[in-house]
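**Student:** What follows is a structure written as structure tokens; I'll ask about it next.
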Amino acid sequence: MRGKLLIISAVAVSLSGCGVVPRLIPRPAGAPTPAPAASPATPQPPSSSSSPAATPSPTRPALGAPQARQAVRQWVAAYNATLKQRRWWRQDARIEALFVEAALHEGVLERNHEVFKWKPGHKPITLTGEPTIYLPRPERQPPIGDWFIAQTTYRDTKGHARPHVLAFFRAPGQSFKLAVATPIHWGQRMPKPRLDADGYITDMDDAMAGAVAKEYLNFWNNKKKEGASGYRLARDNYSRKAFPKVNKGMYVAFAGHGSVFGFRTADGGSFFLFALVNAPKSVNQVLSEALLVPAGAKTIQELGGNWFS
């Protein structure tokens, strides 16, 4: 977390505010920047765990794990190529081709790095091995597009090989874009998902997902009593340790969070992946979180987390 703040007007932040997958609302090119929270007038698709099953249309083929792995490789190739372009962060089209939702803030924040003469925060990615794919059933994908979670290993910004977990989303007819990503903390690992007979992940609990994301907002913004959402951060939670240090610096409260991606785990727990973000006109930081709520528990365990500021 760096101690300086630059007020920036975000060029293109597709932010659903308090969304739970599939509350992903891609912003059409040229549309005004949305507010940090979705307004009542904004159409909201039903959640994946409560919407009726829908058969994929002939013009939108079902997404399988091989296609998802290929999408990860294609995105990494496009990402690495973009990073070679001079001042790529000043080109809106390049940012919007790679990122959506909270990850879109990262492209905007690279402009901060340039202003303060810092090195770019994004580094080339070299994948190690095949990505592990966590994919919902085709008929459980939201009407507005497809999403999946991938776990893969590559070097972090400090040069250490780390397992990372990433969520990707694509609107119909478009390529997959990165929505959120974080390295897994040292000593932690991704939980095994609960899979159906065809190998697809089991839908997460949307109510729990919203409550867990709200608790992180409660904790970091320090405005409401911890545990107000019904959940509480574990005592050894990384965020609990980082909060005192971060709170001493230039800290801007989070305005909301992007969509929550997740699944039920094999042992009955729940895994969630999302990012906390500032208001679009005060883009200062992105906090990505990979979380586990054990079965029958109200304690949030942090498996991974990453600041981009």
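**Student:** Please give the residues of the range 166-193, grouped as numeric ranges, whose backbone N is less than 19 Å from a label point set 7 Å along the Cα-to-Cβ vector of residue 235.
**Tutor:** none
**Student:** Something else about it: Work out how much length residue 65 to residue 192 would gain on full extension: take 0.36 nm times their residue separation and subtract the Cα-Cα distance, in nm to one decimal. Before the final figure, lay out the partial values.
**Tutor:** Numbers: separation 127, 0.36 × 127 = 45.72 nm, distance 1.62 nm.
Gain in length upon complete extension: 44.1 nm.
**Student:** For the range 193-237, what's the relative contact order in percent, using C-alpha pairs closer than 8 Å and at least 6 residues apart? Walk me through the numbers on the way to the answer.
**Tutor:** Working: 27 pairs, mean separation 11.4, N = 45.
Relative contact order of the range 193-237: 25 percent.
**Student:** Same structure, new question: Work out, step by step, the length gained on full extension between residue 93 and residue 79: first 0.36 nm times the residue separation, then minus their alpha carbon distance; give nm to one decimal. Display every interim value, and only then the final one.
**Tutor:** Details: separation 14, 0.36 × 14 = 5.04 nm, distance 1.29 nm.
The span from residue 93 to residue 79 would gain 3.7 nm if fully extended.
**Student:** Here's another thing I want to ask about it. Could you tell me which chymotrypsin sites (Phe, Trp or Tyr not before Pro) in the range 62-140 are loop residues by DSSP with no more than 13 other beta carbons within 10 angstrom of their beta carbon?
**Tutor:** Working: sites: 75, 79, 88, 89, 99, 116, 118, 134; in loops: 116, 118.
For chymotrypsin sites (Phe, Trp or Tyr not before Pro) across the range 62-140 that sit outside H, G, I, E and B with at most 13 neighbouring Cβ atoms in 10 Å, the list reads 116, 118.
**Student:** Turning to a different aspect of this structure: Lys and Arg at +1, Asp and Glu at -1: add these up for the other residues within a Cβ distance under 15 Å of residue 149 and post the number. Intermediate values should be presented prior to the final figure.
**Tutor:** Working: positive: 69, 137, 140, 170, 177, 189, 192, 194, 264; negative: 101, 130, 146, 203, 289.
Result for the local shell: +4.
**Student:** Sorted by packing (mean other beta-carbon atoms within 10 Å per residue), highest first, where do 294-307, 188-201, 235-248, 207-220 land?
**Tutor:** Details: 294-307: 17.1, 188-201: 14.7, 235-248: 13.1, 207-220: 21.0.
Ranking, from highest mean packing down: 207-220, 294-307, 188-201, 235-248.
**Student:** With just the Cα atoms defining each centre, how far is the range 80-116 from the range 219-298? Give it in Å.
**Tutor:** Cα centroid to Cα centroid, the span is 24 Å.
**Student:** Note down the relative contact order for the range 65-308 as a percent, whole number, built from C-alpha pairs under 8 angstrom at least six residues apart. Intermediate results must be reported in sequence, preceding the final value.
**Tutor:** Numbers: 455 pairs, mean separation 43.2, N = 244.
Answer for the range 65-308 is 18 percent.
**Student:** What is the extension gain from residue 223 to residue 299, computed as 0.36 nm multiplied by their sequence separation minus the C-alpha to C-alpha distance, in nm to one decimal? Mind dumping the intermediate values first?
**Tutor:** Details: separation 76, 0.36 × 76 = 27.36 nm, distance 1.98 nm.
Result for the pair: 25.4 nm of gain on full extension.
**Student:** Cβ under 15 Å from residue 223's Cβ, residue 223 left aside: what net charge do those residues give with Lys, Arg +1 and Asp, Glu -1?
**Tutor:** Every neighbour counted, the sum reads +1.
Rule-based calculations on the coordinates, nothing more; no lab input. Given the structure is predicted, the values throughout are model-derived calculations rather than measurements. So basically every Cβ, Gly included, is an ideal-geometry build from the backbone, and we count neighbours across all protein chains shown.
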